[in-house]
Amino acid sequence: MLHFGKVAAAFTVAATLFASTALAQTVLKSSDTHPDGYPTVEGVKYFGELIKERTEGRYEVEVYHSAQLGEEKDTIEQVRSGVLELNRVSMAPFNGTVKESIVPALPYLFRSEEHMHKVMDGPIGDQIKTAFEGAGLVVLAFYDAGSRSFYNRTKPINSVEDMKGLKFRVIQSDIFVDMVAALGANATPMPYGEVYSSIETGVIDGAENNFPSYDTAKHYEVAKHFSLDEHTILPEVFVMNKAAFDQLTPEDQEIFRQAGKDSVAKQRELWAAKVSESRKIVEEAGAQITTPEKQGFIDAMAPVYAKHVTDPVLVKMVEDIKAVQ
Ligand code: GTR
């Protein structure tokens with residue numbers, strides 16, 4: 001009897017262990033510089049819901065928004081080394097690491113957001129994804145970030161001449177530094193989280209971004225002149241540490257890739273709504289939006305192409321992108 005009891009007890013322990021292994025959840029951490037509710041944060045949360053559902057709870061995602069894990073340059077290091085499994089960042093901070101990432105950051109290359117979608121959803125997008133693997137990252141999605149424009153605290157910008165001598169914070173990429181120099185202004189790359197106080201204290205005159213960032217980071221409070229020059233339609237990128245991805249079973253890899261794709265549609269929808277909402281918020285708060293004469297900006301960008309598009313791979317990519325209708 002006693003013996004039987006022991007066997008039964010051992011059996012229960014084994015069953016419990018087995019059940020807990022079967023239900024084991026792996027929580028994947030993901031970083032985002034933006035606050036909760038921002039379309040990129042919500043896109044990744046949606047990805048998390050999909051993988052949780054499709055793996056029957058084996059995988060979950062926890063999004064650390066509002067730069068809780070650090071600024072983009074640091075979190076990129078974290079996801080590349082595997083400290084972090086997932087990360088949603090802009091494409092531009094990769095410009096020095098993944099040469100193909102330069103192309104979507106080039107000024108006035110995409111004619112519209114539709115053009116950008118077509119390119120990033122097609123073979124050129126796939127080529128960029130493959131290039132990221134060389135940097136130890138699997139791209140799960142390219143998200144929308146609209147177009148970036150300059151804003152400053154000093155004066156309205158109606159033409160490229162008005163840019164002369166102004167000092168702008170740019171995202172951390174040489175392409176952006178050279179772009180601003182080509183416009184006759186000065187560029188200071190700095191982390192996103194330092195922009196507000198740097199404008200407020202006059203260390204810089206302004207920065208460049210899209211309406212949702214200008215709104216949610218409250219830059220409009222310190223730089224009210226927003227000039228819709230739309231110098232670049234720069235996509236976001238949602239990446240996973242490649243070693244972590246390679247550890248998944250082929251079935252789970254497929255679930256992750258598909259969930260990434262499915263989250264794109266969701267993020268694009270949220271993005272479009274957020275752009276209108278943010279524009280309204282900043283206008284009501286007193287931001288002065290002007291549309292400058294764009295051709296001057298476009299013409300000024302030739303040196304940026306001459307310097308950064310010399311590698312035959314990039315030259316071909318630029319040609320192919322222009323040919324996409
Ligand atoms: C935003 C982008 C962020 C960050 C930021 C910046 O548009 O969504 O990921 O790169 O710009 O300028 O630093």
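The values are calculated or read from the model by the stated rules, or taken from the named source; none is laboratory data. Keep in mind the model is a prediction, meaning the values are calculated, not measured. Please note: Cβ atoms are built from the backbone with ideal geometry, for glycine as well, and neighbour counts cover all protein chains shown. All accessible areas refer to the heavy atoms of the entire protein, side chains included, with ligands and DNA or RNA removed. Shrake-Rupley method; radii C 1.70, N 1.55, O 1.52, S 1.80 Å.
Summary table
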item	result
Accessible area of the range 129-248 divided out per residue, in Å², using a probe of 1.4 angstrom	31 Å²
The range 189-325: proportion of alpha-carbon pairs further apart than 27 angstrom, %	46 percent
Extent along principal axes [Cα atoms of the range 252-325; Å; largest to smallest]	48, 42, 22
Burial order of peptide ranges 143-151, 103-111, 75-83 (average beta-carbon count within 10 Å, highest first)	143-151, 103-111, 75-83
Whole-number Å³ per residue for the convex hull built on Cα positions in the range 81-183	122 Å³
Candidate lysines for bridging to residue 118, where Cα separation is under 27 Å - those fewer than 8 sequence places away on the same chain excluded	45, 99, 129, 242, 261, 266, 274, 294, 307, 316, 322
Top positive-direction residue, dipole computed over the range 128-286 with Cβ charges, set 173, 185, 253	185
Value of Rg/Rh across the range 216-297 [Cα atoms, Kirkwood radius]	1.17
Directionally averaged shadow of the range 33-93, computed from the convex hull of its alpha-carbon atoms, nm²	4.3 nm²
Accessible surface of the chain [probe 1.4 Å, protein heavy atoms]: carbon and sulfur percent	55 percent
Span-like helix ranges in the chain, DSSP H, alpha carbon extent 20 angstrom or more, Kyte mean at least 0.5	2-22
For the chain, calculated [θ]222 nm from helices alone, where every DSSP H run of n ≥ 4 adds -39500 (n - 2.57)	-14500 deg cm²/dmol
Whichever aspartates and glutamates have a C-alpha closer than 12 Å to that of residue 167, once near sequence neighbours (fewer than 8 apart) are set aside	205, 208
Scattering curve values for the chain, log₁₀ I(q)/I(0), Debye with Cα scatterers, q = 0.10, 0.14 Å⁻¹	-0.59, -1.09
Extension gain from residue 284 to residue 316, taking 0.36 nm per residue of separation minus the Cα-Cα distance	7.1 nm
